[in-house]
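Quick notes on the structure that follows.
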Amino acid sequence: MSAESDSDPSATAAAPDPARAAEADGEPGAITAAAPPRTRVPRTIGLAAGAVVAVAAVVTVAVLAGGGHDGDGDGKGGQGGTATPAADGLPHTAVEVSTGSCGRGWTSPHPGTQVFDLHNSGSGASEVYLADPASGRLFGELEGLAPGTTRQMLVDLGSGTYAFKCLQEDTDAITGPKVTVPGSTPRGPSTLPVTEHDLIPPTLAYQQWIGARAGDLARGTAALEADIDGGDLAAAKRDWLSAHLVYERMGAAYGTFGDADGVINGTAARTPGAVRDPSFTGFHRVEYGLWHGESAASLKAPAAGLDSAARALRDGWSQARMDPADMGLRAHEIIENTEQFELTGRTDYGSGTSLATARANLDGTREILSRLRPLLTPRDPAVPQLDAALDRLQHALDAAGKGGTWTPLDRLGQAQRERINADTGDLLEQLAPVAAIFDVRRTA
């Protein structure tokens, strides 16, 4: 998995000819010089005003979003707890948020899609949840509500009991009065909150898996170095791909690798002569040399540097600590970066193996999801759709790789390329709720 700090709006467009992408003034038209920052998924998964109802029907936790205006109130909220219609056509209810009056104002509960105009009358910024007090399931969420401001929380409520929970900075959580929505209307989307404590066991298990893969990586880079030292460049090409795919499957841990990621898998600056810059190291430096006719002698130093970095990563991994709060983000990030960089050929330095990398990235996504699955299954009823999306993309990618030989991007037929792009986009949509579900939430 490779990434850039900039975003590529044409990520799902037809991929460029990899040979042309790898050769601009004799250099690859690739990415950045150092370890690129990973694109982070926003904490709140997109709820644009006016689109929430449609999105909520598809995305399990879509209602866990804060939107609307900031200000001191605009007269839309109901007075005295009465829901009143507003310009958006939805009923609004004014609700106070503070340690002394959390949830005050909701006195006429009713089912359906509606808006709470939350006004922070306290002295500090607050997070606000709308929850089922019995189960703890969240039906609405708004964070960063500044003192003296009003913002909107749009929710889809069914029959049942609810309560607002107000979490002001540096204070204990306050739960407001319980309010019962009458009738027998089915409830809308919701999720159980995930705490950092919940995520510690899967994070530790994943760290152990990465430790084993780091050993595999070091063995792979040692074999690659031996091939080059022995002058067997055909074997070096095979062992380069094998070792590189091991690294690409480790994508959820890249943020913990620190500078090692850039040394092992960094890319050259997009300027003439950048591939000869001493700061261009690792897999892609060796790839460039192997597929651009460089001699074994000229590749000995880059191969040795790669092997040294891989061994250092292996030897130091036991002291590394992954952030449990990042676990849910990583599954989405891996595929997001695959779409932006592998499926556009922007990280191909001549090997034509971008689709092999994409397939390894998919394996990495499955691995992180396997650790999260016990927590995800009871929180997301759309897990079967997620699994189906994973399978579809795997099938599409596997069709491009037969017997260890992968079709370069420029040799894909249009239909096959469109299928891979479409399946990747669909998987990203299915992974977006995972990032929201595993956003660590304060509960006390």
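Values for this structure:
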quantity: When residues of the range 318-356 are limited to those that are assigned to a loop (DSSP other than H, G, I, E, B), buried (at least 21 other Cβ atoms within 10 Å of the Cβ) and of a type outside the set (Gly, Ala, Ser), the one modelled with the lowest pLDDT; calculated: ARG346
quantity: Helices (runs of 4 or more DSSP H) (entirely within the range 189-277) containing at least 3 residues that are in contact with a Leu (Cβ under 9 Å, 6 or more places away or on another chain) and surrounded by 18 or more Cβ atoms within 10 Å (Cβ to Cβ); calculated: 196-229, 233-248, 260-265
quantity: Top-ranked residue in the range 371-422 [being assigned to a helix (DSSP H, G or I) and of a type in the set (S, T, N, Q); ranked as surrounded by the most Cβ atoms within 10 Å (Cβ to Cβ)]; calculated: ASN421
quantity: Extreme residue, nearest to TRP240 (Cα to Cα), among residues of the range 278-294 that are touching a helix residue (DSSP H, G or I) at 6+ places or on another chain (Cβ under 9 Å) and open to solvent by 60 Å² or more (accessible area, probe 1.4 Å); calculated: TRP291
quantity: Matching option when the condition is closer than 30 Å to ALA173 by Cα and in contact (Cβ under 8 Å) with a residue 12 or more places away in the chain, among ARG441, ARG419, ARG346, ARG373; calculated: ARG441
quantity: Residues within the range 95-106 that are polar (S, T, N, Q) and either assigned to a strand (DSSP E or B) or under 29 Å from the mean Cα position of the chain (by Cα) (or both), tallied; calculated: 0
quantity: Identity of the residue in the range 178-188, at negative phi and small (Gly, Ala, Ser), that ends up least open to solvent (accessible area, probe 1.4 Å); calculated: GLY188
quantity: Matching option when the condition is closer than 21 Å to GLY89 by Cα, crowded, with 16+ Cβ neighbours inside 10 Å, in contact with a Pro (Cβ under 7 Å, 6 or more places away or on another chain) and not small (Gly, Ala, Ser), among LEU138, LEU157; calculated: LEU157
quantity: For ARG359: the one exception among (1) surrounded by fewer than 19 Cβ atoms within 10 Å (Cβ to Cβ); (2) part of a helix (DSSP H, G or I); calculated: (1)
quantity: Qualifying residues in the range 290-302 (those that are touching a Gly at 6+ places or on another chain (Cβ under 9 Å) and assigned to a helix (DSSP H, G or I)) - the one nearest to ASP227 (Cα to Cα); calculated: ALA296
quantity: Within the range 107-146, strands (runs of 3 or more DSSP E) holding 1 or more residues that are over 17 Å from THR175 (Cα atoms); calculated: 112-120, 138-145
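The values are calculated or read from the model by the stated rules, or taken from the named source; none is laboratory data. Remember, predicted model here, so these are calculated numbers, not experimental data. Glycine gets a Cβ as well: all are built from the backbone with ideal geometry, and neighbour counts include every protein chain shown. Just so you know, the surface numbers come from the protein's heavy atoms only, side chains and all, with ligands and any DNA or RNA stripped out. Shrake-Rupley method; radii C 1.70, N 1.55, O 1.52, S 1.80 Å.
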